[in-house]
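Visitor: Next up is a structure, given as structure tokens.
The values are calculated or read from the model by the stated rules, or taken from the named source; none is laboratory data. Source: prediction; values computed, not measured. Positions of Cβ are generated from backbone atoms using ideal geometry, with glycine treated the same way; all protein chains shown enter the neighbour counts.
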Amino acid sequence: MDLLPRHGVAYATLLLAYTAELSRRESVEAWANAAMNHGSYLAVVTDLRSPAHALIEAGLASVDAEKGVCLARPLAATATASSPRHAMRHVAVVLLSARPPEWLRIAVDADRVEHAYIPQQDVQALDWLEDELDDVLIQARELLQDEKQLDLSKAIGDVAEEVVVSALKAAGKDPVHVARISDAYGYDVDVPGEQFLEIKAAGPRTADRFHLSRHEYDISVRRSDHWCLVQVIFEATAFVADRITAADVREIRELPAPVLSKYVPADTLTFRWEDTAVITPSPESWQLSTLRPDPAFTCPGFSHWEER
């Protein structure tokens, strides 16, 4: 059972949390039965055994030989709210962060939600949250581990590199995907005798900026005549697709090294930037690439990134 906090799932979770806090429940079966005997009509018609087991699997509850059913701290906290509506809102945050849907890390950042990246069926399932939906999603996103976000960002970048490599091959080139060898090159793709390409991935709402490492910048200066940054902009549909195809690529554009240098923080006698910088070129600085995605290109979608 998934834990997407549909209204019924959120209600069942809250009911189980209340019941676990009322008195000791020696087993999952006893816990679910006690909740079903809670007295409300919804409790009688709701299957509470499946969500009870799902909460155990998600680490939100456990069964101790001496203490019986024990709630994890986040779930236990929801049972203290006096207002059921308020409590269910917090239940939604707990469930989303404990078992996050694939789109949560893509569609949500610190201050906004891109609804186009969320499958319509999930939007409809969460519509009971009404005008609180965005706040719930943002709060749940803040609870996720940054390491997983870094892995997802790498998966998106890897697909962008594959798009470019396949486009080069379709154009009759013989590229070497050096990023698969090492990050030490300072670029991702070597087109022998022509260019060194650093590939960046973006969606419609992140195309205005990208991260550049100090090493990538130093190599762009050293190989200025041949180094070029290539940005692959994916359609919003790509982030929820089971498979990514050429149709999911909105645009491929380029930023030559001399143009890039205009936007990089300058070193001074008292300052030198290290690690990475966020670069935000003006829209006019980009050049439309002559590369076109290979019509035959296909790869697993970002929703399968953990399987890679």
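Visitor: Looking at (1) without any contact (Cβ under 8 Å) to a residue 60 or more places away in the chain; (2) over 17 Å from residue 239 (Cβ atoms), which is the one condition that is false for residue 169?
Guide: (1)
Visitor: Which numbered condition in (1) in contact with a strand residue (DSSP E or B) (Cβ under 6 Å, 6 or more places away or on another chain); (2) modelled with pLDDT under 95 is the only one that residue 270 fails?
Guide: So residue 270 meets the others, but not (1).
Visitor: Could you figure out which of (1) closer than 21 Å to residue 232 by Cα; (2) outside the structural domain of residue 245 (by TED's automatic domain parsing) isn't true of residue 122?
Guide: All conditions are met except number (1).
Visitor: While we're here: Would you point out the residue of segment 59-71, among those that are modelled with pLDDT of 90 or more and not in a strand (DSSP E or B), that is surrounded by the fewest Cβ atoms within 10 Å (Cβ to Cβ)?
Guide: Only one residue tops the list, namely 59.
Visitor: Within the set of pairs 6+ apart or on separate chains, which have a first residue in segment 32-52 that is over 17 Å from residue 21 (Cβ atoms), a second that is charged (D, E, K, R) and modelled with pLDDT of 85 or more, and C-beta atoms under 8 Å apart?
Guide: 49/29
Visitor: Kindly indicate the residue of segment 199-216 that is assigned to a strand (DSSP E or B) and not hydroxyl-bearing (Ser, Thr, Tyr) and also surrounded by the fewest Cβ atoms within 10 Å (Cβ to Cβ) among those meeting that condition.
Guide: 211
Visitor: Something else now. Within segment 175-198, identify whether any single residue is loosely packed, with under 13 Cβ neighbours inside 10 Å and closer than 23 Å to residue 246 by Cα, and answer yes or no.
Guide: Yes, some residue in segment 175-198 is loosely packed, with under 13 Cβ neighbours inside 10 Å and closer than 23 Å to residue 246 by Cα.
Visitor: Something else now. May I ask you to say which residue of 159, 123, 176, 163 is at pLDDT 95 or above and of a type in the set (Val, Ile, Thr)?
Guide: Exactly one of 159, 123, 176, 163 is at pLDDT 95 or above and of a type in the set (Val, Ile, Thr), namely 163.
Visitor: Do any helices (runs of 4 or more DSSP H) entirely within segment 95-178 hold 3 or more residues that are among the basic types (Lys, Arg), and if so, which?
Guide: 146-170
Visitor: Something else now. Return yes when residue 299 is touching a strand residue (DSSP E or B) at 6+ places or on another chain (Cβ under 8 Å) and either modelled with pLDDT of 95 or more or farther than 21 Å from residue 165 by Cβ (or both) and no when it is not.
Guide: No.
Visitor: Out of 288, 269, 212, which single residue is without any contact (Cβ under 8 Å) to a residue 12 or more places away in the chain and not acidic (Asp, Glu)?
Guide: 269
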